[in-house]
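Here the structure is laid out as structure tokens; the discussion comes afterwards.
The values are calculated or read from the model by the stated rules, or taken from the named source; none is laboratory data. For clarity, every value in this text was computed on a predicted model and none was experimentally measured. Backbone-built Cβ (ideal geometry, glycine too); neighbour counts: all protein chains shown.
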Amino acid sequence: MKAITVKPKTKNSVRLQEIEKPEISDIKDGRGVLVEVLRVGACGTDREINDGEYGVAPKGFDFLVLGHENFGRVAEIGEKVKEFAVGDYVVASVRRPGHSFYDKIGEQDFTTDSKYYERGISRLHGFMAEFYAENADYLVKIPPAIKEIAVLLEPLSIIEKGLKQASDIQERLKIWRPKTAAVLGVGSVGLLTAMDLRLRGYEVHGFGKDTSDDYLNAKLLEEIGVTYDSTLEISIADSTEKYGEYDLIFECTGYSPIIFDAMQSLNENGVLILASVTGGERKTDQVPSDKINQKFVLGNRVMFGTVNANREHFEMGIKDLALCEAMYQGWLSKMLTHKIEGLENYEKAFDILNDSAEYKAIKVYFEVKSD
């Protein structure tokens, strides 16, 4: 079968490759599910792996099949699979258990292992292929009503986890009634975050670098009642004079210095969620560290990082995709800006990923097979 692969840690090694089609017998205990891939998202992680920044091939292979944002249809099931039937739509989670205590209790998204297992990223093949085989435990069923937007579920699951963790942490307060939120970075993850917060009743303010003139992302935010400001025109800290301090800030810019600006913009008892993975060597001078420390201590503020997601977060995401379609019908589909027909056109996808601003891309995805 066809698959898009890379040689990890080798720059620009992406290629189309013929590999062996998986079988449900590859999965132990009769729990295998063979999934025909219908759509698979392409994102900055795939670009960075192709840039040679990270990525690990599975044991016994010198290549890695890319892709972690997925949507497919069940083609075959093992004898002990009762929760799925042939023809069901499914999405697979990404991280698999390793060896730490958290992995052993099903909380692998909190692993303490330095070597972890993620589909299409680290030590496990991904979903940029015509088929994949998976244990039924790591699949969630997708209602047909949201099949056209289900490829957005994996990135949404990360947001769901972050907001769930914020809520769990704030149980320290007994009562927490947040009203305002800022979303830093309004790419695909930022747009989904803004949407999720609006569904929860927040007053939401989005921030990005681009000016709002003819900026699709800003227009999409406006459609769901979210303001947009360019950080070229106003800093996050200065924005508090306009909107007040924020009860929750969700950072997904990939630009680490903005964190210190965000730390100064939280309300008392506020929460700052960091979701960017920044692998560079950037350093920041002239940080008002005394002021930030004082605000955090005297104001009981919190900052934490979040990565990956677990089954419960995917299930939460399914509900929010459906709710968003009910409240803002068609809005999510507008995020799917660049469809690539067939895996064989992978070069076009990576051209777009490498210059997403020029292409005005929000979400790039492969239509592997039409439904």
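The residue that is surrounded by the most Cβ atoms within 10 Å (Cβ to Cβ), among those in the range 214-255 that are over 21 Å from the mean Cα position of the chain (by Cα), closer than 16 Å to K295 by Cβ and β-branched (V, I, T), is I236.
In this structure, L221 does not qualify as within 29 Å of E48 (Cα to Cα), touching a residue at least 40 places away in the same chain (Cβ under 8 Å) and either outside any helix (DSSP H, G or I) or among the aliphatic types (A, V, I, L, M) (or both). Flag: S265 does not match the condition of being closer than 30 Å to A322 by Cα, among the polar types (S, T, N, Q) and either exposed (fewer than 15 other Cβ atoms within 10 Å of the Cβ) or touching a residue at least 12 places away in the same chain (Cβ under 8 Å) (or both).
When the range 63-96 is filtered for residues that are on the phi > 0 side of the Ramachandran plot and either exposed (fewer than 15 other Cβ atoms within 10 Å of the Cβ) or free of Cβ contacts under 8 Å to residues at least 12 places away in the same chain (or both), only G87 remains. Those strands (runs of 3 or more DSSP E) of the range 1-111 in which at least 3 residues are more than 30 Å from K360 (Cβ to Cβ), considering only elements entirely within it, cover 32-42, 69-77. Within the range 240-264, restricting attention to residues that are among the small types (G, A, S) and part of a loop (DSSP other than H, G, I, E, B), the residue that is modelled with the lowest pLDDT is G254. Flag: R15 does not match the condition of being basic (K, R) and under 22 Å from Y116 (Cβ atoms).
If you take the residues in the range 97-116 that are surrounded by 16 or more Cβ atoms within 10 Å (Cβ to Cβ) and in contact with a Gly (Cβ under 9 Å, 6 or more places away or on another chain), which one is farthest from T306 (Cα to Cα)? For the range 97-116, the residue satisfying everything is P97.
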